[in-house]
Amino acid sequence: MNWTPATLAEQREMLSAAGAASIDAFFEMIPEALRLRQWDLPEGLSEFSLRRKLEALAGKNTVEYVSFLGGGYYDHYIPAAVDALAGRSEFYTAYTPYQPESAQGTLQAIYEYQSVVSRLMDMECANASLYDGGTAVFEAASMACRITGRRKVLTHASLHPVWRRMLETHLAGSPIEVADGDAPTGNDIACVIAQNPAFTGDLRDLSSLANACHDCGALLVVSVNPVSLGMVKTPGAMGADIAIAEGQSLGLPLGFGGPYLGILAARKAYIRKMPGRIAAATTDAAGRRGYVLTLQAREQHIRREKALSNICSNQALCALRALIHLCLLGKTGLEATARACFSKAEYLKSRLDFVELLNEGPTFNEFAVRLPREADGVIAALRGKGFLPGLPLAAMGRGGPNDLLIAVTEKRTREELDVFAEALREACHD
Amino acid sequence: MNPDTLKYTEEHEWIVEQRGLYVIGITEYAAEELGEITFVELPEVGRRLERGEDAAVIESVKAASDVYAPVTGVVAEVNDILEMEPDLINRDPFGKGWILKLKDVSLEEYNDLMDSRSYRGYLKTVE
């Protein structure tokens, strides 16, 4: 069968429906620097030449840094069993198979993943996963609008600025309005979207915000660092209606933007307004336990343009890694990991008496400091010593030029923390 | 409800006036076509519906279908029991399986709808 692209007449019709004068005008919302200029591909290469070229490119990556970079994505240890199990061809080579006749393994993995996520978040249901933390923010916002019949969402100052931006991008052309706000301001707010720990590290109990939201018919959406839930009050216990997370910390290696994992869980009353796939347990004709997708009438392949969401897949392999990772850790292992991150971050704080700590209250694995000189210079100096000292907050629009966000995971040894503290002191006073 | 006394739409909804309110459901034919009904999403009481607007969603093991408002009006009552027992629509489409009641309806639109005889004729053309 030939692939027939849209005819010129069809393109014109679609452009006029979208309100754009040309294809170029249609793509104008993509920043110019990111738009493709030309399609001229280089000549083909032999396997050997290609391999050498790619190895040279890969060699440019430096992986030996001792990293204190965070901001939503963290350098956690991934047990070898995660790669070994998730890499099995039954899981690895399958393209999100959902037919119960042939995909019991995948469906069971999704079902177990949902169960684990629900328990972790202290919520009653979870979907089969979304693409990443930013997508989860958008899907939670849309879900809150569907539940409340309202069209305005507020983003709390604690929310990751990149996910805030992704929310706006997703909402372009939609009737949903987004504004900044730390508490519901009236009876037209669908939800407040907050993050705990906050982007800059502060830990809060959002229970009173949950009450304030419910008092005016709004929902509370809480985005969390899933590892923090080993020791921090859960979204469910705080009264959140929808709980979301970037799941990278659960068994996914740091990459240039992904593939990561969008986690979304909710109260059971809202399950029919929840986007994405949901796997369920059932029994077959012989009475044996089996797994199937359920509540599919919400979805695009059944409801077409009236579907709840454009999400018509899930991040199956990444969700599987998160499941295996959490199962290996277990309840006590997750708690131990969380406590190790927290204690090591606290230890590093105690060694950094020469910088101003910007967090007033408690933090989990990450905190913000104001250096005595510009962060960019300090970062460059420390990189030369094998450290990635953290995220410059000015680059994220969340602080001044001297402000640095420092993350500490269980992987950092006491020796690394001591040497880093000393190197940072020197870099600050050079 | 006696099917002979109801009014009908081409989308297989029925409607009838009862004590000042207009009761709406789907026909036996529609219920059979849908198969076992598993969930009904009901509208909010007080919501104004234009004729043809989505009034409810019925999910069955086979499909999800909209129920359209047969006439313009305001939602006066919904059949809450369907939330627990959605298959009432399969068991008693013209009775206990009613879906919603409208008030302040457009009588002109109501009078324009098919009677049972025209609906039976219409069914012959779609079957």
For A:Arg373, are the conditions met, namely being surrounded by fewer than 15 Cβ atoms within 10 Å (Cβ to Cβ) and in a loop (DSSP other than H, G, I, E, B)?
yes
Tell me, yes or no, whether the stretch A:104-123 has at least one residue that is within 23 Å of the chain's Cα centre (by Cα), loosely packed, with under 15 Cβ neighbours inside 10 Å and modelled with pLDDT under 95.
no
Could you check, for the stretch A:127-146, whether at least one of its residues is in a helix (DSSP H, G or I) and at pLDDT below 95?
yes
From A:Leu329, A:Leu320, which residue is touching a residue at least 60 places away in the same chain (Cβ under 8 Å), closer than 23 Å to A:Gly258 by Cα and either within 14 Å of another protein chain (Cβ to nearest Cβ) or part of a helix (DSSP H, G or I) (or both)?
A:Leu320
So which of B:Glu108, B:Glu11 ends up being surrounded by fewer than 19 Cβ atoms within 10 Å (Cβ to Cβ) and within 14 Å of the chain's Cα centre (by Cα)?
B:Glu11
Here's a check for you: in the stretch A:261-303, which residue that is buried (at least 22 other Cβ atoms within 10 Å of the Cβ) and in a helix (DSSP H, G or I) is nearest to the other protein chains (Cβ to nearest Cβ)?
A:Ala297
In the stretch A:270-296, anything free of Cβ contacts under 8 Å to residues at least 60 places away in the same chain and of a type outside the set (Lys, Arg) is listed as A:Thr282, A:Thr283, A:Asp284, A:Ala285, A:Ala286, A:Gly287, A:Thr294, A:Leu295, A:Gln296
Looking only at the stretch A:22-37, how many residues end up being in a loop (DSSP other than H, G, I, E, B) and either under 16 Å from A:Thr169 (Cβ atoms) or within 32 Å of the chain's Cα centre (by Cα) (or both)?
5
Among what's in the stretch A:1-21 and is hydroxyl-bearing (Ser, Thr, Tyr) and not in a helix (DSSP H, G or I), pick the residue that is nearest to A:Ser174 (Cα to Cα).
A:Thr7
Would you mind finding the one in A:Glu360, A:Glu366 that is buried (at least 24 other Cβ atoms within 10 Å of the Cβ) and either modelled with pLDDT under 95 or under 23 Å from A:Ser158 (Cα atoms) (or both)?
A:Glu366
For the stretch A:174-203, which positions are assigned to a loop (DSSP other than H, G, I, E, B), closer than 27 Å to A:Gly247 by Cβ and touching a helix residue (DSSP H, G or I) at 6+ places or on another chain (Cβ under 9 Å)?
A:Ser174, A:Ile176, A:Asp182, A:Pro197, A:Phe199, A:Thr200, A:Gly201, A:Leu203
With the condition being away from chain A (no Cβ under 14 Å), I'd like the strands (runs of 3 or more DSSP E) fully within the stretch B:30-81 carrying at least 3 qualifying residues.
B:73-78
Here are A:Leu254, A:Leu308: which of them is part of a loop (DSSP other than H, G, I, E, B), in contact (Cβ under 8 Å) with a residue 60 or more places away in the chain and within 14 Å of another protein chain (Cβ to nearest Cβ)?
A:Leu308
Among the residues of the stretch A:330-352, are any over 23 Å from the mean Cα position of the chain (by Cα), among the acidic types (Asp, Glu), outside the structural domain of A:Asp202 (by TED's automatic domain parsing) and surrounded by fewer than 17 Cβ atoms within 10 Å (Cβ to Cβ)?
yes
Go through the residues of the stretch A:172-183 one by one and say whether even a single one is within 19 Å of the chain's Cα centre (by Cα) and either of a type in the set (D, E, K, R) or modelled with pLDDT of 95 or more (or both).
no
So, of the residues in the stretch B:24-49 that are among the β-branched types (Val, Ile, Thr) and crowded, with 22+ Cβ neighbours inside 10 Å, which turns out to be nearest to B:Leu123 (Cα to Cα)?
B:Ile26
Filter pass, B:Glu127 being surrounded by fewer than 16 Cβ atoms within 10 Å (Cβ to Cβ) and out of contact with any helix residue (DSSP H, G or I) (no Cβ under 9 Å at 6 or more places or on another chain):
no
Condition (residue is assigned to a loop (DSSP other than H, G, I, E, B), aromatic (Phe, Trp, Tyr) and out of contact with any Phe, Trp or Tyr (no Cβ under 7 Å at 6 or more places or on another chain)) applied to the stretch A:349-356: is it met by at least one residue?
yes
For B:Glu59, are the conditions met, namely being under 21 Å from B:Glu85 (Cα atoms), of a type in the set (D, E, K, R) and within 13 Å of the chain's Cα centre (by Cα)?
no
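The values are calculated or read from the model by the stated rules, or taken from the named source; none is laboratory data. Keep in mind that what you see is a predicted model, and the values were worked out from it rather than measured. Heads up, the Cβs are rebuilt from the backbone with ideal geometry, glycines too, and the neighbour counts pull from every protein chain shown.
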